[in-house]
Amino acid sequence: MKKTHYSNTPPLHHSSYAITIISGGQTDGDRTALDWALARAVECGGWCPKGRKAEDGRIDPKYPLRETRSAAYIQRTEWNVRDSDATVLFSIEPTLTGGPKKTLEFAGKHNKPCLHLCAADTNIAESLKAFVEEHGVKVLNMAGPRTSRSLGVGEFVMRKLEEAFS
């Protein structure tokens, strides 16, 4: 997977290593993770469906995503898990369904660490930092439900990324 690097600002550092954020570019949580990274000149990218498909139409070209060969969401979901060191799933509800549940299954299939952070959890930022450090994560896949399935997940993602890495 091609990485986008912003030469004037170093990537996000946690402990002694840089982290690249990837996601599939779907509405809300996925894009919020990319927006957070872009606003801080943190290396980011990921896979999106052919045609840059998302539930709200075509994904804006400002997001440095590569298109899969298929327009099906499932391929980009698996490829982002496959190409990352670990995945963090953000959700408002404690139970994962749909795409986020499939992401968790792909993490198991590819033997990748996966952390589910629910809005009702405590010490979320600390858990996120510890997860990244424990697994030596350099490429972190961030995923969650799309806007139509879970209002507010984007705000949750932004708040927790700020607390964990700012």
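I'm trying to understand the selection: among the residues of the stretch 120-134, which are under 19 Å from residue 92 (Cβ atoms), surrounded by 13 or more Cβ atoms within 10 Å (Cβ to Cβ) and aliphatic (A, V, I, L, M)?
124, 125, 128
Given the options 74, 59, 19, name the one that is under 24 Å from residue 109 (Cβ atoms), at pLDDT 95 or above and not small (Gly, Ala, Ser).
Result of the check over 74, 59, 19: 74.
Quick one: is residue 40 within 21 Å of residue 129 (Cβ to Cβ) and surrounded by fewer than 19 Cβ atoms within 10 Å (Cβ to Cβ)? Spell out how you get there, then give the answer.
On the way: within 21 Å of residue 129 (Cβ to Cβ): yes; surrounded by fewer than 19 Cβ atoms within 10 Å (Cβ to Cβ): yes.
When the stated conditions are applied, residue 40 passes them.
The values are calculated or read from the model by the stated rules, or taken from the named source; none is laboratory data. Model, not experiment: these values are computed from the prediction. Don't worry about glycine lacking a Cβ; one is built from the backbone with ideal geometry, like all the others, and counts go over all protein chains shown.
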